[in-house]
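Reviewing the structure listed below.
The values are calculated or read from the model by the stated rules, or taken from the named source; none is laboratory data. Bear in mind that the values here come from a model prediction, so they are computed numbers and not experimental data. Positions of Cβ are backbone-derived with ideal geometry, glycine not excepted, and every protein chain shown enters the neighbour counts.
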Amino acid sequence: MTECSTPPTGAERPGEPKLSCEEALARVYEYLDGELGAADHDAVRRHLEKCRNCYPHFDFERLFLDYVHELGAGEKARPGLEDRVREMLAAETD
Amino acid sequence: MSIPAEQRRAEFEDEALIHLDALFGLALRLSGGDEPRAEDLVQETMLKAYRAWDRFEAGTNCRAWLMTILRNTFINQFRKQKSRPVPVEFDQLAERPSSDALYEADPEGRIFDHIIDDQVIAAIDELPEEFRVAVVLSDLEGLSYQEVAELMDIPVGTVKSRLFRARKRLQGRLYEYAVEMGYVK
């Protein structure tokens with residue numbers, strides 16, 4: 001894939017939507033979240049293949065989302081909670 | 001009490017209690033770091049799950065089943081509160097550095113390897129609840145926009161805008177930490 005400056009100047013096939021950087025960046029989260037329809041997803045992907053301004057920005061946002069996702073793990077239940085749950089279940093069983 | 005009842009309880013405890021940390025973690029983030037509220041949520045979840053244990057299909061994903069019960073329990077409370085006035089509108093919060101300040105200062109995202117997670121968790125906890133819940137469900141739990149919209153009873157477009165603003169707010173906090181740490185100028 002050849003690099004090009006922004007806005008993309010590479011030849012587009014006729015009839016295909018061509019996104020500006022602004023339009024591509026407005027869709028960054030929907031793109032990374034897998035929430036765009038196939039045509040819109042392809043339009044963003046084609047923009048990224050050609051735009052060296054937007055690609056690093058998308059990469060950065062992907063790193064950010066991966067980082068936040070990982071934050072979900074690692075929390076430990078506080079001491080005593082398991083005992084209270086067991087007591088509650090025992091009371092419920094009586 | 002009958003032996004079958006005891007066996008049923010033992011079976012439930014074996015299957016469910018190993019997921020206590022994960023349940024507490026989700027409850028704590030949904031509650032914005034409020035530990036007593038998170039513990040109440042976990043206990044209520046466990047009680048509901050225990051009462052419905054006969055309907056759990058052995059061999060399916062117990063963790064996912066429990067997390068769904070916890071999410072739904074939280075959302076029921078959240079929806080009941082929704083009639084209350086929202087104390088602070090996100091728009092009224094003080095303006096932070098520009099939404100792309102972090103990207104401009106650290107385009108390769110090296111900060112994500114250096115930041116202390118607790119600071120970012122605190123920033124998530126501080127988000128106004130309607131934004132925090134969207135972020136937790138989408139970004140931590142991996143739910144789709146449609147699933148978040150249905151749970152929160154809001155349009156998909158509102159989910160999108162809340163996620164956008166909340167994520168930019170978090171990046172603004174990360175930028176501030178990065179400056180404090182002397183990591184960026």
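Filter the range A:30-50 for residues that are in contact with a helix residue (DSSP H, G or I) (Cβ under 6 Å, 6 or more places away or on another chain) and either assigned to a helix (DSSP H, G or I) or touching a residue at least 12 places away in the same chain (Cβ under 8 Å) (or both) and give the result. Answer for the range A:30-50, where residues must be in contact with a helix residue (DSSP H, G or I) (Cβ under 6 Å, 6 or more places away or on another chain) and either assigned to a helix (DSSP H, G or I) or touching a residue at least 12 places away in the same chain (Cβ under 8 Å) (or both): A:Tyr31, A:Leu32, A:Val44, A:His47, A:Leu48. Here B:Val135 fulfils each of the conditions (1) over 23 Å from B:Ala64 (Cα atoms); (2) in a helix (DSSP H, G or I) apart from (1). Taken over the range A:58-76, the criterion of being over 18 Å from B:Val135 (Cβ atoms) and modelled with pLDDT under 95 is satisfied by A:Lys76 alone. Every listed requirement among (1) modelled with pLDDT under 95; (2) within 10 Å of chain A (Cβ to nearest Cβ) is met by B:Gln146 save one, (1). When B:Ala58 is tested against (1) surrounded by fewer than 15 Cβ atoms within 10 Å (Cβ to Cβ); (2) at pLDDT below 95; (3) in contact with an Asp or Glu (Cβ under 8 Å, 6 or more places away or on another chain), only condition (3) is not met.
Within the range A:78-94, the residues that satisfy the criterion of being modelled with pLDDT under 95 and outside any helix (DSSP H, G or I) are A:Arg78, A:Pro79, A:Asp94. Considering the conditions (1) more than 10 Å from chain A (Cβ to nearest Cβ); (2) modelled with pLDDT of 95 or more, B:Val135 is excluded by exactly one of them, (1). Number of residues in the range B:32-53 that are without any contact (Cβ under 8 Å) to a residue 24 or more places away in the chain, more than 7 Å from chain A (Cβ to nearest Cβ) and either over 30 Å from B:Pro128 (Cβ atoms) or of a type in the set (S, T, N, Q) (or both): the value is 2. Here B:Gly32 passes the criteria (1) modelled with pLDDT of 95 or more; (2) in a helix (DSSP H, G or I) except the one numbered (2).
Restricted to the range A:49-94, and to residues there that are more than 9 Å from every other protein chain (Cβ to nearest Cβ) and of a type outside the set (D, E, K, R), the residue that is farthest from B:Tyr175 (Cα to Cα) is A:Ala91.
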